[in-house]
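Please treat every number below as a calculation from the coordinates, not as lab data. A quick note: this is a predicted structure, and the numbers were derived from the prediction, not measured. Positions of Cβ are backbone-derived with ideal geometry, glycine not excepted, and every protein chain shown enters the neighbour counts.
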Amino acid sequence: MTPQELADHIRSAVMAAISTGQLTLSQADIPLEIVVERPKNLDHGDWATNIAMQLGKKAGLNPRAAAEILQPFLAQLPGVVEVDIAGPGFINLRLSAASQGELALDIIAKGNAFGRGNKLAGKKINVEFISANPTGPLHLGHTRWAAVGDAIARVLEAEGAQSSREFYVNDLGVQMDKFGASVKAAALGETIAEDGYHGAYIPELAEQVVLQNPEIVNLPEPERTDAFRDAAYALQLVDQKRVLDNFNTHFDVWYSEKSLHTSGAVERGFEKLKSQGHMFIEGGATWLRTSDFDDDKDRVLVKADGALTYFASDTAYYVDKRNRGFDLCIYLLGADHHGYVNRLRAVAACAGDDPDENIQILIGQMVKMLKNGEEVRLSKRAGNIITLEDLVDEVGVDAARYSLIRYPVESPLVLDLDLLVSSTNDNPVYYVQYAHARIASVIRNAAELGLIPANTSDWDPKTFDPAELSDAREGALLGLLADYPRVVASAAELREPHRIARYIEEVATSYHSFYASCRVLPQGDEPVTARNISRLWLCGATCQVIFNGLELLGVSAPERM
RNA sequence: GCCCGCGUAGCUCAGUGGAUAGAGCGUCUGCCUCCGGAGCAGAAGGUCGAAGGUUCGAUUCCUUUCGCGGGCACCA
């Protein structure tokens, strides 16, 4: 029985209590969603509900009295073997092994789809992240967003949304020009301007640009400067795509800022804002009255000299996303951009949208890094950077992604590189992957012994007897597995994929504990029993849940390691 | 000055108003003749920065305050 099914049963028990007149409540007093949770302490039972505490007040009873009224109704529910009232009014339920065990069947039948839901079905969501200037390699700061942004998109999809990963390319403006000038200077053997880019990658880029097009150095100015900029930019963008693909983060759209200006999107954006009545002209500049909507001050769209501001691009970009049919635009921004939150929300409001409905800005704290016990200072222009690629080379894609996703983004993250590099067994990703590989190995052995087919999809449900899974550790593991769909749903709703990571760590712990005390395969010449086979089903179900969880994080689930 | 985030075990950190606040690392004690020991069982370790408030109930929500980090533009 899934917790959802249990919740439905509890609802019917509440209604039965109402119909007998023991509870004076109306239908509307029953919460839409009845909370069924795993108790922190499993001695309390398999599942707990706070329904009596929610209903008590409405029924004019104290929570414990309400719980006592409900108790006999709950005790009659199918699969429920014990109902306890505890503390202020919690109702603890214990399920029969058979009822609890059926879940393993369900998980294996659903396979990769187990845990997926439809809470966000029909929603089209744009997830924009990284959006780094294409003026250098992606560094560690970007890496957190690469991992988390991609995982958010995966989790949203798991809950039925249609998501699009989008990278906004700032291919316009003075940073691009400085970047181009720096590459040109390096190619011509000149000194790079002080406010230019000084990373070691600049001379390498210069070499590649000249190699691709030796004639470039002979071009007249200003064409030569532009040519260097465009060629270097193109190479850099290709490199970013390569690195991100390698990192298992695949963008659906690379959106060029320049194209906003050439496609007429800026004009369309301005039209939209003007039609909503929030644009005005003052001091020769064109403004957006963002202060109508919680922004500290109004923002300039077109400067007095006629040039567009960066903010103009932002507004046009937002309107363009909405025009492309996205119901919700999610932005992942670094803490250094938190000042943009109110103005971006105001843009949505100025465009006639609901900022709480159509736009969501997630602010992530910075990643700090320790090396040799000291903080590594990141500075792209000084060339003192640790790139995404460096990190992957040192610790691998799985460990890098996992260690970045495992923490909520609003908490600052300190990665001790030495620890991550030297003693990888500290990293929880190995703990989880090990559990998966270990289960895969048990199933492999079972298949070789002829106990069961190698592929879970070929397993015969008739060979499974849920009543055989009566050990407390088996119950604990099953209950935890049953909770997975709820974890996915909350990760999607809260945009917090780290919950998946924390959850599968618990599953791994629970499995190891089960494995240590419940022998799965027969030893020596022992006959094969229904218990062996039923335990294999539990192994298969656990393996599936870990696999599904890791997949939502973009981390591999190895069969062997 | 104003705005945002953080403050939980020695360290790094989980914890969507609920029960005795959790995990990993580190420290200590046990467990490999047999399914993967990258594992398991247990011990020690806490004024949830502080003070008020709301609530049947606060680590969680509100106010004040202290400490740390980040941000303020007709820059990009």
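Some observations on this one:
- Helix A:340-350 vs. chain A, principal-axis angle (Cα, 0 to 90°, nearest 10): 90
- Pairs from the table (A:Lys178/A:Lys368; A:Lys178/A:Lys274; A:Lys184/A:Lys297; A:Lys123/A:Lys272; A:Lys241/A:Lys321; A:Lys258/A:Lys303) lying more than 30 angstrom apart at Cα are A:Lys178/A:Lys274; A:Lys184/A:Lys297.
- Global form of the range A:448-561, assessed from the alpha-carbon gyration tensor, a/c cut-off 1.5: prolate
- Dipole size of the range A:3-95 about its Cα centre, with +1 on Lys/Arg Cβ and -1 on Asp/Glu Cβ: approximately 240 debye, rounded to the nearest 20.
- In Å, descending, principal axis extents of the Cα set of chain A: 87, 62, 43
- Of the residues A:Tyr233, A:Leu211, A:Leu244, the one whose Cα sits farthest toward the positive end of the charge dipole of the range A:199-246, with +1 on the Cβ of Lys and Arg and -1 on the Cβ of Asp and Glu, is A:Leu244.
- Taking 7 Å steps out from each Cα toward its Cβ at A:Met366 and A:Ala200 produces label points 2.3 nm apart.
- Taking other C-beta atoms within 10 angstrom as a stand-in for reagent exposure, A:Val217, A:Val392 fall in the order A:Val217, A:Val392, fewest first.
- Taking the average, over residues, of other Cβ atoms within 10 Å as the packing measure, peptides A:35-44, A:275-284 rank A:35-44, A:275-284 from highest down.
- Its Cα centre serving as origin, the range A:427-553 has a Cβ charge dipole (Lys and Arg +1, Asp and Glu -1) of approximately 240 debye.
- The angle separating the long axis of helix A:97-110 from the principal Cα axis of greatest extent in chain A is about 40 degrees.
- On Cα atoms only, tilt of A:530-553 relative to the major axis of chain A in degrees: 20
- For GluC sites (Glu not before Pro), no site in the range A:437-535 is both called loop by DSSP and has at most 12 other Cβ atoms within 10 Å.
- Cβ-based charge dipole, the range A:427-553, positive-most Cα from A:Ala482, A:Ala446, A:Pro461: A:Ala482
- Percent RCO, i.e. relative contact order, over chain A, from Cα pairs under 8 Å lying at least 6 residues apart: 17
- In this Cβ point-charge picture (+1 for Lys and Arg, -1 for Asp and Glu), chain A has a dipole of about 880 debye about its Cα centre.
- Residue-by-residue Karplus 3J(HN,Hα) for the range A:87-95, coefficients 6.51, -1.76, 1.60, Hz, glycine and proline x: x, x, x, 5, 10, 9, 10, 10, 9
- Over the residues of chain A, the helix contribution to mean residue ellipticity at 222 nm works out to -16000 deg cm²/dmol, using -39500 (n - 2.57) for each DSSP H run of at least 4.
- In terms of surrounding Cβ atoms within a 10 Å radius of their Cβ, A:Leu332, A:Leu188 rank from fewest to most as A:Leu188, A:Leu332.
- Positive-end residue of A:Leu103, A:Ala516, A:Cys350, charge dipole of chain A with Cβ unit charges: A:Leu103
- Taking the square roots of 5 times each eigenvalue of the Cα gyration tensor of the range A:138-197, largest first, gives ellipsoid semi-axes of 38, 12, 8 Å.
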